[in-house]
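Q: Here it is, the structure in full.
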């Protein structure tokens, strides 16, 4: 029994009232008296995003609190977009999307993802894109960083480590000087809260979601913070939530060694074509001899000579067997006195190299929704999230040096790249909240390429362990970063079935390659 206006209401009446309340206006999405309720009452002004885009692609601005601990204080704008469900009679709800990063703008994702989704999915969902806080057109931040300061992975040597420390300190100092009022609030937890405000403004009780790369972590955090408001979640190329973020950086190296070993076997099997060695051991020896030569005398390449560290920094290309091999051949020829090699593996085999980034990973003008976006905006947001999400970053440069030496010895290809010092060592304000512990039973479908250099299979398996109600589909021969976003693949039918019916597979599964 409960009281209302001094009168008793039966439990039956309360149940009926709950049902009615759930169907009311967006203002009821938050509890009575909740200061966030006023944000749910916003009326969106939808307008065409950009000339040259479909008229159905609409954009609007949503106001959210800068600081959710002070929701009556300063507000910031989020740029959101939509493509309405193709069949209103079949409409199930909204499908929010995030392209990854962190720092990737997602406003154009509805039009970029629409061709990749089957008709039955497009019929059932309004596709909703948004630029996360601080990114793109959502109150963008910048740090005035140089190109070198926007590069996150740097090879280690005793000679260059002092420079690495100075660079990391410079990035942190610049960011806090340029955007110190915003940086403490650019976290995954706050972006998840923004998503929930968007949900309320749209009048939805629950949201469905598609996230790629970092977007999988954002989606998982949302399910942890708002489990009752989470509907059908597809996580493409998943981050291990238990490792964010220092562990994620260091987690790239073990998978890089596995991909490198696989490549040596493939290149040996194709020695008649490429001439890198008749056995995997021979191919491995050829590669490391090239690295040693490049460290002594950088290899001539288009756009500038490459030393051994620069060549190793392209370790992610080893998952693309047919794309990386011609580049290694060209580098070897250039080192032997031939013409300069292409700068990248993609340039060496532009016709066959697989894409490595999903849709939405670029900034485009969007009509009335243009903004003065700093050139380093994606990097600035990335550092803010990496450093602000967690308190796990060491503060002592010596700890990074020790980790680098240890990881490089164990994983010579890329161990130093992920373990080297980062700006988070000097971030001026520690995280206001601890990193989210993801541990729940919310339904989700994880799809993962076996050979993904950015979010390795082991990371996706970590996400699977954290989301007990999830299922995982592994594309056995899949290469590159992204399954749905780089489709088609053998996982597509399962994704479509889950989004249209809400039914997960009975168990985890592996399907054939592309």
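Q: Condition first: farther than 22 Å from residue 251 by Cα and modelled with pLDDT under 95. Can you find one or more residues in region 471-483 that meet it?
A: Scanning region 471-483 turns up no residue that is farther than 22 Å from residue 251 by Cα and modelled with pLDDT under 95.
Q: Looking at region 303-326, which of its residues are surrounded by fewer than 21 Cβ atoms within 10 Å (Cβ to Cβ) and touching a helix residue (DSSP H, G or I) at 6+ places or on another chain (Cβ under 7 Å)? Break it down into steps so the answer makes sense when it comes.
A: Step one: filter region 303-326 for residues surrounded by fewer than 21 Cβ atoms within 10 Å (Cβ to Cβ), giving 303-305, 307-310, 313-314, 321-322, 326.
Correct list: 307, 308, 313, 314, 321, 326.
Q: Hey, does region 238-257 have a residue that's touching a strand residue (DSSP E or B) at 6+ places or on another chain (Cβ under 9 Å), touching a residue at least 40 places away in the same chain (Cβ under 8 Å), over 30 Å from residue 401 (Cβ atoms) and buried (at least 19 other Cβ atoms within 10 Å of the Cβ)? Walk me through how you get there before you give the answer.
A: Here is the first cut: in region 238-257, the residues touching a strand residue (DSSP E or B) at 6+ places or on another chain (Cβ under 9 Å) are 238, 241, 255.
In the following step, the residues that additionally are touching a residue at least 40 places away in the same chain (Cβ under 8 Å) were identified as 238, 241, 255.
Applying the additional criterion that residues be over 30 Å from residue 401 (Cβ atoms) yields 238.
Going one step further and asking which of them are buried (at least 19 other Cβ atoms within 10 Å of the Cβ), we end up with 238.
Yes, because at least one residue in region 238-257 is touching a strand residue (DSSP E or B) at 6+ places or on another chain (Cβ under 9 Å), touching a residue at least 40 places away in the same chain (Cβ under 8 Å), over 30 Å from residue 401 (Cβ atoms) and buried (at least 19 other Cβ atoms within 10 Å of the Cβ).
Q: Whether any residue in region 348-359 is in contact with a strand residue (DSSP E or B) (Cβ under 9 Å, 6 or more places away or on another chain), modelled with pLDDT of 50 or more and not in a loop (DSSP other than H, G, I, E, B) is what I want to check.
A: The answer is yes, given that some residue of region 348-359 is in contact with a strand residue (DSSP E or B) (Cβ under 9 Å, 6 or more places away or on another chain), modelled with pLDDT of 50 or more and not in a loop (DSSP other than H, G, I, E, B).
Q: Looking at (1) modelled with pLDDT under 85; (2) surrounded by 13 or more Cβ atoms within 10 Å (Cβ to Cβ); (3) touching a strand residue (DSSP E or B) at 6+ places or on another chain (Cβ under 9 Å), can you tell me which one residue 42 breaks?
A: (1)
Q: Could you check region 111-137 and list, in sequence order, the residues that are assigned to a strand (DSSP E or B) and either farther than 13 Å from residue 90 by Cβ or out of contact with any strand residue (DSSP E or B) (no Cβ under 6 Å at 6 or more places or on another chain) (or both)?
A: Result: 127, 128, 129, 130.
Q: Cβ-Cβ under 7 Å, sequence separation 6+ or interchain: first residue in region 301-318 and not assigned by TED's automatic domain parsing to the domain that holds residue 257 and assigned to a strand (DSSP E or B), partner modelled with pLDDT under 95 and crowded, with 18+ Cβ neighbours inside 10 Å. Which pairs?
A: Matching pairs, first to second residue: none at all.
Q: A further question follows. Considering only residues that are in contact (Cβ under 8 Å) with a residue 24 or more places away in the chain and farther than 25 Å from residue 188 by Cβ, look in region 133-166 and name the one that is surrounded by the fewest Cβ atoms within 10 Å (Cβ to Cβ).
A: Step by step, filter region 133-166, then rank; the result is 157.
Q: Restricting the first residue to region 398-413 and requiring it to be under 18 Å from residue 160 (Cβ atoms), which pairs with a second residue that is not in a helix (DSSP H, G or I) meet a Cβ separation below 7 Å and a spacing of at least six or different chains?
A: From residues that are under 18 Å from residue 160 (Cβ atoms), the pairs are 400/394; 400/420; 400/421; 404/156; 404/420; 408/156.
Q: Right, next: Can residue 145 be described as closer than 30 Å to residue 396 by Cα, at pLDDT below 95 and either assigned to a loop (DSSP other than H, G, I, E, B) or touching a helix residue (DSSP H, G or I) at 6+ places or on another chain (Cβ under 7 Å) (or both)? Show your work before the answer.
A: Working: closer than 30 Å to residue 396 by Cα: yes; at pLDDT below 95: no; either assigned to a loop (DSSP other than H, G, I, E, B) or touching a helix residue (DSSP H, G or I) at 6+ places or on another chain (Cβ under 7 Å) (or both): yes.
No: the conditions fail for residue 145.
Q: Test residue 499 against the stated conditions and say whether it is buried (at least 18 other Cβ atoms within 10 Å of the Cβ), over 20 Å from the mean Cα position of the chain (by Cα) and over 27 Å from residue 127 (Cα atoms). Let's see the steps before the verdict.
A: Working: buried (at least 18 other Cβ atoms within 10 Å of the Cβ): yes; over 20 Å from the mean Cα position of the chain (by Cα): yes; over 27 Å from residue 127 (Cα atoms): no.
Here the answer is no, as residue 499 does not meet what is asked.
Q: Do you know which residues across region 77-107 are touching a strand residue (DSSP E or B) at 6+ places or on another chain (Cβ under 7 Å), crowded, with 20+ Cβ neighbours inside 10 Å and under 27 Å from residue 387 (Cβ atoms)?
A: Result: 78, 79, 80, 96, 97, 98, 99, 100, 106, 107.
Q: Regarding residue 225, is this residue more than 22 Å from residue 145 (Cα to Cα), surrounded by fewer than 24 Cβ atoms within 10 Å (Cβ to Cβ) and in contact with a helix residue (DSSP H, G or I) (Cβ under 7 Å, 6 or more places away or on another chain)?
A: yes
Q: May I ask you to say which residue of 169, 206 is closer than 19 Å to residue 379 by Cα and touching a residue at least 24 places away in the same chain (Cβ under 8 Å)?
A: Just one listed residue meets the conditions, 169.
Q: Confirm whether residue 458 is buried (at least 19 other Cβ atoms within 10 Å of the Cβ) and in contact (Cβ under 8 Å) with a residue 12 or more places away in the chain.
A: no
The values are calculated or read from the model by the stated rules, or taken from the named source; none is laboratory data. These figures come from a predicted structure and were not determined experimentally. Neighbour counts are summed over all protein chains in view; Cβ atoms, including those assigned to glycine, are modelled from backbone coordinates with ideal geometry.
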